[in-house]
Amino acid sequence: MPKIGMEPLRRKALIDATISAIGERGSLDVTMSEIAGRAGVSSALAHHYFGAKDELLLATMRHILAELTIDMRRALLSAASPRDRVSAVVAVNFSDIQFRPETIAAWLAFYVEAQKSSTLRRLLRVYARRLHSNLMSGLTGILPRSEADRVAETTAALIDGLYIRRALKDGVPDAATAIRLVEDYLETKLGERHPQ
């Protein structure tokens, strides 16, 4: 088994510590020394790996997006039908990794910060395009394209809205309930159109 070098492990520890610190604080108002302390490394080492805090925050957002992309690809590969693809997209967005409190808080903090940061705004646009595309990959096998586009937009808005409500600790308390709410909407829109 190949050994993983210390640098990737420390970088991952710093990213995990960033997610944890943002989750606890509920904002990006965390210091490099606070993050480094959580990761068990010195501030100097954190700066060595990432430079400024902004670079660490970008790396953290990229990491969250990469995890989501990997999980999504895996789920879509195992989907047997267009309807299964849509459900897979919904389920992955509310998976144990994606819907844990600190990840939800990080998403919300990044959305807020994207109002000021063009780089974060670009990353969030990438996420939005991927979500839409992944939903369309199933919906276009069930609905006419224009209707599929509207259902994808609404489904994406439901997913994002449930994240916001959860981050504010208002509304949906768990992933299973969130999935049920989105699936209920999809069933009303798709009805009997999808193959059994």
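The values are calculated or read from the model by the stated rules, or taken from the named source; none is laboratory data. Everything quoted here is computed from the prediction, not taken from an experiment. Cβ placement follows ideal geometry from the backbone for every residue including glycine, while neighbour counts extend to all protein chains displayed. Ligands, DNA and RNA are excluded from the accessible area calculation, which covers all protein heavy atoms including side chains. Shrake-Rupley method; radii C 1.70, N 1.55, O 1.52, S 1.80 Å.
Could you check region 7-42 and list, in sequence order, the residues that are touching a residue at least 24 places away in the same chain (Cβ under 8 Å), over 27 Å from ARG125 (Cα atoms) and surrounded by fewer than 17 Cβ atoms within 10 Å (Cβ to Cβ)? If the condition is that a residue be touching a residue at least 24 places away in the same chain (Cβ under 8 Å), over 27 Å from ARG125 (Cα atoms) and surrounded by fewer than 17 Cβ atoms within 10 Å (Cβ to Cβ), then GLU7, GLY40 are the ones that fit.
Looking only at region 165-188, residues that are surrounded by fewer than 18 Cβ atoms within 10 Å (Cβ to Cβ), of a type in the set (D, E, K, R) and either modelled with pLDDT of 75 or more or in contact with a strand residue (DSSP E or B) (Cβ under 7 Å, 6 or more places away or on another chain) (or both) come to 6 in all.
Among the residues of region 137-147, the one identified as in a helix (DSSP H, G or I), surrounded by 15 or more Cβ atoms within 10 Å (Cβ to Cβ) and either under 18 Å from the mean Cα position of the chain (by Cα) or hydroxyl-bearing (Ser, Thr, Tyr) (or both) is SER137. Scanning region 62-99 for residues that are at pLDDT below 90 and open to solvent by less than 30 Å² (accessible area, probe 1.4 Å) returns GLN98, PHE99. The number of residues in region 100-118 that are open to solvent by 20 Å² or more (accessible area, probe 1.4 Å) and under 14 Å from LEU65 (Cα atoms) comes to 2.
Looking at region 119-136, which of its residues are open to solvent by less than 20 Å² (accessible area, probe 1.4 Å) and closer than 20 Å to ARG74 by Cα? Across region 119-136, the qualifying residues are TYR127, LEU131, LEU135, MET136.
Of all residues in region 43-61, those being out of contact with any Leu (no Cβ under 9 Å at 6 or more places or on another chain) and open to solvent by less than 60 Å² (accessible area, probe 1.4 Å) number 3.
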